[in-house]
Amino acid sequence: MGNDGGSIPRRNEMVREKKRDEKADRKNQAIAQNYFCALSKLPLQEPVVGDELGRLYNRQAVLEYLLDRTVYGDGHSICDIQSLKDVKTLNLTPNPSKKPSSLGQPAAQFVCPITMKEMNGNSGFEFIWSCGCAFSAQARRELPDSATCIVCDQAFVDKDVVPINSIDTEVLDLLRERRLERRRDREEKRAKAKSKARHGKRKNEDGTDEKRADKPDLKSSKVQKTTA
């Protein structure tokens, strides 16, 4: 081993090399998540939708997936979209600049409408589930009134905030809990609506509405009084 003219890398050199590789992987992952649809792998193109875990998709790709769950092969492992109610159409701000960044990344397609930071994975972004507006996390932190959307001024609550493409496991667990909560609420509302529709118009044996059958015939009463 020592006579072939080569050298054995030291442990600290191997650690540095591993960190460089991991950093490069994160950079490539950030580009993939913020520039391309998670399902079709095609460049993001408006209308863009976000799911409840903050992943981004072309709306057309989601429609195709809902019609055919096998159209994108591993789609079932990428997302848990059961209907269009599981995604939100985003209000994104196109990037006015098409120049690549100083880090060599291609120009981001979208920017924060407040800070003009690019949505390229280098800065945290989020969107509001209730209205769909997207902006940088920094913009929301710096503005004092966090009870209304900083773009459209619509009121929202904390659980409506969805970080875009977060890789933090705790954040993702919280988003999954919120997703489950929303789905339970929708199921309860659907069940109540069905129950109301089923019992709202109960019929008597002769086919008349129950409420109407109980109601006195005012016209007939007037005729009887006039005759008397």
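The values are calculated or read from the model by the stated rules, or taken from the named source; none is laboratory data. Predicted model, so just to flag it, every value in this text is computed and none were measured. FYI the Cβ positions are ideal-geometry reconstructions off the backbone, even for glycines, and counts take in every protein chain you see. Keep in mind that these areas ignore ligands, DNA and RNA; they rest on the heavy atoms of the full protein, side chains included. Shrake-Rupley method; radii C 1.70, N 1.55, O 1.52, S 1.80 Å.
Kindly provide the set of residues from the stretch 49-74 that are of a type in the set (A, V, I, L, M, F, W, C) and under 23 Å from LEU174 (Cα atoms), ordered by number.
VAL49, LEU53, LEU56
Which ones in the stretch 132-154 are loosely packed, with under 14 Cβ neighbours inside 10 Å and under 15 Å from LEU92 (Cα atoms)?
CYS152
Any idea which of (1) farther than 21 Å from ARG179 by Cβ; (2) modelled with pLDDT of 95 or more is the one LEU63 doesn't satisfy?
The number of the failed condition is (1).
Whether any residue in the stretch 112-122 is within 18 Å of ALA32 (Cβ to Cβ), of a type outside the set (Ser, Thr, Tyr) and not in a loop (DSSP other than H, G, I, E, B) is what I want to check.
yes
Mind listing whichever residues of the stretch 133-186 are of a type in the set (Gly, Ala, Ser), over 19 Å from GLU118 (Cα atoms) and assigned to a loop (DSSP other than H, G, I, E, B)? Write out each step before concluding.
If we filter the stretch 133-186 for residues that are of a type in the set (Gly, Ala, Ser), which is where we start, we get 134, 136-137, 139, 146-147, 155, 166.
Retained after the next criterion (residues that are over 19 Å from GLU118 (Cα atoms)): 146-147, 155.
Listed by number, the residues that qualify are SER146, ALA147.
From the residues in the stretch 83-131 that are touching a residue at least 60 places away in the same chain (Cβ under 8 Å) and small (Gly, Ala, Ser), which one is least open to solvent (accessible area, probe 1.4 Å)?
Ranking the qualifying residues of the stretch 83-131, first place goes to ALA108.
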